[in-house]
Amino acid sequence: MAQNKKTKNIKKKKKLKTKVLITRTISLVLVFLSVYFVYEIVTEVQQTFQLGKDLEDAQATLKEIESENQYLIEQAEKLTDPEYVKGYARGLFSFSKDGEQIFRLPQIPDDE
């Protein structure tokens, strides 16, 4: 009978050790999974903020390009008018009409 109690105690201790080992293992796995998921969430949040910033930059660039495009469209429309082209060429290249004199004035520096 004493032998039987010792065997039962040994079996109980082994079961207890096994349960403790399983519990610790599961707890450790859950801790690692929690850390991993928190890391993933932080990474996603950082990417979201970066993408938001990139979107703002892209929208600002788009606005600038649209403004430049509008200016170029207006210039293209003006260049279809022969009178505008003549005046533009006269101003840019100092072309003159017959009997007209062109005087070049010195430019004023920007710092004054």
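Suppose the filter is modelled with pLDDT of 95 or more and surrounded by 10 or more Cβ atoms within 10 Å (Cβ to Cβ); does Tyr36 pass it? Judged against the criteria, Tyr36 is a match.
Determine, yes or no, whether Leu72 is hydrophobic (A, V, I, L, M, F, W, C), modelled with pLDDT under 95 and part of a helix (DSSP H, G or I). Criteria not met by Leu72.
In this structure, Thr80 does satisfy being of a type in the set (Val, Ile, Thr), free of Cβ contacts under 8 Å to residues at least 24 places away in the same chain and not in a helix (DSSP H, G or I).
Criterion applied to Thr23, Thr7 was being at pLDDT below 95, in a helix (DSSP H, G or I) and of a type in the set (S, T, N, Q), and the one residue passing it is Thr7. Has region 53-71 got at least one residue that is of a type outside the set (Lys, Arg), surrounded by 10 or more Cβ atoms within 10 Å (Cβ to Cβ) and closer than 30 Å to Arg104 by Cβ? Yes, region 53-71 contains at least one residue that is of a type outside the set (Lys, Arg), surrounded by 10 or more Cβ atoms within 10 Å (Cβ to Cβ) and closer than 30 Å to Arg104 by Cβ. For Asp110, the criteria (1) modelled with pLDDT under 85; (2) assigned to a helix (DSSP H, G or I); (3) under 41 Å from the mean Cα position of the chain (by Cα) hold in every case but one, which is (2).
This table checks each residue for (1) basic (Lys, Arg); (2) under 24 Å from the mean Cα position of the chain (by Cα).
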residue	(1), (2)
Ile10	no, no
Leu21	no, no
Arg24	yes, no
Gly52	no, yes
Ala60	no, yes
Glu66	no, yes
Leu79	no, no
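The values are calculated or read from the model by the stated rules, or taken from the named source; none is laboratory data. Owing to the predicted nature of the structure, the values given are computational and were not obtained by experimental measurement. Don't worry about glycine lacking a Cβ; one is built from the backbone with ideal geometry, like all the others, and counts go over all protein chains shown.
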